[in-house]
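As structure tokens, the structure follows; a few thoughts come after it.
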Amino acid sequence: MTVSLALLLLGVIAAVAAPRLMSRADWRDREPVVALWVWQCVVAAVLLCFALSMTFSAAAAWQAVRGQVFASAPHGVMEAYALAAYGPWSAVIAVLLACGGAWTAAMLVREIRRAHVGRRQRRAELLVRSPLMPGEEPGSDRLVVLEGERPDVWWLPGAAPQLAITTAALQRLKGRQLDAVLAHEQGHARARHDWLLHCASALAIGFPQIPVFAAFRDEMHRLVELAADDVASRRFGRLTIALALVELNEDRGVFGPCATPDAELPQRVHRLLSAAPRLTAGRRLRLTAAASFVPVVPLLVAFVPGLRALG
């Protein structure tokens with residue numbers, strides 16, 4: 001089997017098997033930051049498999065590409081890949097994978113533009129609800145208090161990030177609960193979770209039939225909230241942030257028997273109150289190291305023939 005087909009097959013297997021393997025892991029909710037890293041490494045490995053497969057297929061199909069790919073390779077390396085034996089399907093595979101890459105880039109650009117437009121609209125609405133005073137600069141205040149009957153808190157990312165909170169939320173949150181909610185939102189901002197969500201959404205929208213990308217998007221939305229909950233709980237305690245979540249959302253019906261768009265909120269509260277023990281530092285390190293090795297596997301598959309030729 002040629003290197004190109006081996007990489008393509010490896011990418012397909014990883015795209016199908018990874019969501020099933022991750023769904024069986026019982027440590028994801030206990031270590032959301034590690035789970036976020038594992039997911040990113042898996043998706044990076046899948047994309048790397050497809051990119052390398054496209055490169056070798058294009059090199060086999062067209063002499064110009066072959067000359068660029070192996071321009072600085074020592075003598076005998078290009079012959080080790082037996083590009084002439086790839087057959088006429090190499091051009092088809094290269095074109096299909098190149099179209100997939102272009103489509104991924106287009107979806108990412110569209111997602112970023114959509115997020116930028118959404119942020120601009122929310123900031124305009126913010127100015128309408130909280131107009132600037134004479135001499136006040138836009139975005140000078142990181143915390144904006146709005147009149148509102150619905151308790152709500154949200155973070156506006158961007159060059160001048162701001163945290164908006166309604167007066168109803170201020171009335172409901174007691175003592176350190178407000179500080180815990182602010183720490184939760186600041187946890188999102190420091191970890192740049194918005195960029196992670198944009199990339200996950202772009203892949204899922206661009207390739208809805210690929211299981212790993214759909215699972216990646218769903219898990220990112222869930223895990224970033226768990227990670228931000230942990231940031232707040234480490235500073236103010238699990239009970240404080242759990243009570244704050246209840247105060248902010250109890251009027252929305254999320255804790256009732258009927259399904260709602262925020263159905264994961266009761267699970268987050270239960271997780272905080274149950275206080276499951278974290279993994280040991282050694283196991284966290286092993287999981288992180290193993291996940292970091294996953295994107296290296298496609299590189300090993302790609303470079304093994306050349307290394308053997310040099311040996």
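The values are calculated or read from the model by the stated rules, or taken from the named source; none is laboratory data. This one's a predicted model, so the numbers in the text were calculated from it and none came from an experiment. Cβ placement follows ideal geometry from the backbone for every residue including glycine, while neighbour counts extend to all protein chains displayed. For accessibility, only protein heavy atoms count, side chains too; no ligands or nucleic acids. Shrake-Rupley method; radii C 1.70, N 1.55, O 1.52, S 1.80 Å.
If I go through segment 19-47 residue by residue, how many of them are crowded, with 22+ Cβ neighbours inside 10 Å and under 22 Å from Ile93 (Cβ atoms)? So the count comes out to 3. Considered as a group, the residues in segment 96-112 that are of a type in the set (A, V, I, L, M, F, W, C) and open to solvent by 70 Å² or more (accessible area, probe 1.4 Å) include one that is farthest from Gln63 (Cα to Cα), and that residue is Val109. Scanning segment 1-18 for residues that are touching a helix residue (DSSP H, G or I) at 6+ places or on another chain (Cβ under 7 Å), more than 15 Å from Leu299 (Cα to Cα) and surrounded by fewer than 20 Cβ atoms within 10 Å (Cβ to Cβ) gives a single hit, Val16. Within segment 77-88, is even one residue buried (at least 22 other Cβ atoms within 10 Å of the Cβ) and modelled with pLDDT under 90? Yes, there is a match, as at least one residue in segment 77-88 is buried (at least 22 other Cβ atoms within 10 Å of the Cβ) and modelled with pLDDT under 90.
Of the helices (runs of 4 or more DSSP H) lying entirely inside segment 205-311, those containing at least 2 residues that are at pLDDT below 90 span 238-249, 265-274, 296-310. For segment 149-172, the condition holds for at least one residue, the condition being that it is touching a Pro at 6+ places or on another chain (Cβ under 9 Å) and under 18 Å from Val269 (Cβ atoms). The residues of segment 145-179 that are under 23 Å from Trp195 (Cα atoms) and modelled with pLDDT of 80 or more, listed by number, are Asp152, Val153, Trp154, Trp155, Leu163, Ala164, Ile165.
Candidates Asp179, Asp194: the one that is open to solvent by less than 40 Å² (accessible area, probe 1.4 Å) and farther than 30 Å from Ile13 by Cβ is Asp194. Residues in segment 99-121 that are under 26 Å from Thr55 (Cα atoms) and either free of Cβ contacts under 8 Å to residues at least 60 places away in the same chain or not in a helix (DSSP H, G or I) (or both): Cys99, Gly101, Ala102, Ala105, Val109. Per the conditions (1) open to solvent by less than 40 Å² (accessible area, probe 1.4 Å); (2) among the charged types (D, E, K, R); (3) within 16 Å of the chain's Cα centre (by Cα), the sole criterion not satisfied by Asp230 is (3). Looking at segment 56-68, which of its residues are open to solvent by 40 Å² or more (accessible area, probe 1.4 Å) and touching a helix residue (DSSP H, G or I) at 6+ places or on another chain (Cβ under 6 Å)? The answer is Val65, Arg66. Only one of the numbered conditions (1) among the hydrophobic types (A, V, I, L, M, F, W, C); (2) free of Cβ contacts under 8 Å to residues at least 12 places away in the same chain; (3) part of a helix (DSSP H, G or I); (4) open to solvent by 40 Å² or more (accessible area, probe 1.4 Å) is not met by Ala71, and that is (3). Of all residues in segment 38-53, one or more are within 26 Å of Phe207 (Cβ to Cβ) and in contact with an Asp or Glu (Cβ under 7 Å, 6 or more places away or on another chain).
Rundown of residues vs (1) of a type in the set (Gly, Ala, Ser); (2) over 22 Å from Val117 (Cβ atoms); (3) not in a loop (DSSP other than H, G, I, E, B), yes/no style:
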{"site": "Val145", "(1), (2), (3)": "no, yes, yes"}
{"site": "Trp155", "(1), (2), (3)": "no, no, yes"}
{"site": "Ala169", "(1), (2), (3)": "yes, yes, yes"}
{"site": "Lys174", "(1), (2), (3)": "no, yes, no"}
{"site": "Leu182", "(1), (2), (3)": "no, yes, yes"}
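The rows are residues; the columns are (1) touching a Cys at 6+ places or on another chain (Cβ under 6 Å); (2) modelled with pLDDT of 95 or more; (3) not β-branched (Val, Ile, Thr).
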residue	(1), (2), (3)
Leu9	no, no, yes
Ala17	no, no, yes
Leu21	no, no, yes
Trp37	no, yes, yes
Val42	no, yes, no
Ala61	no, no, yes
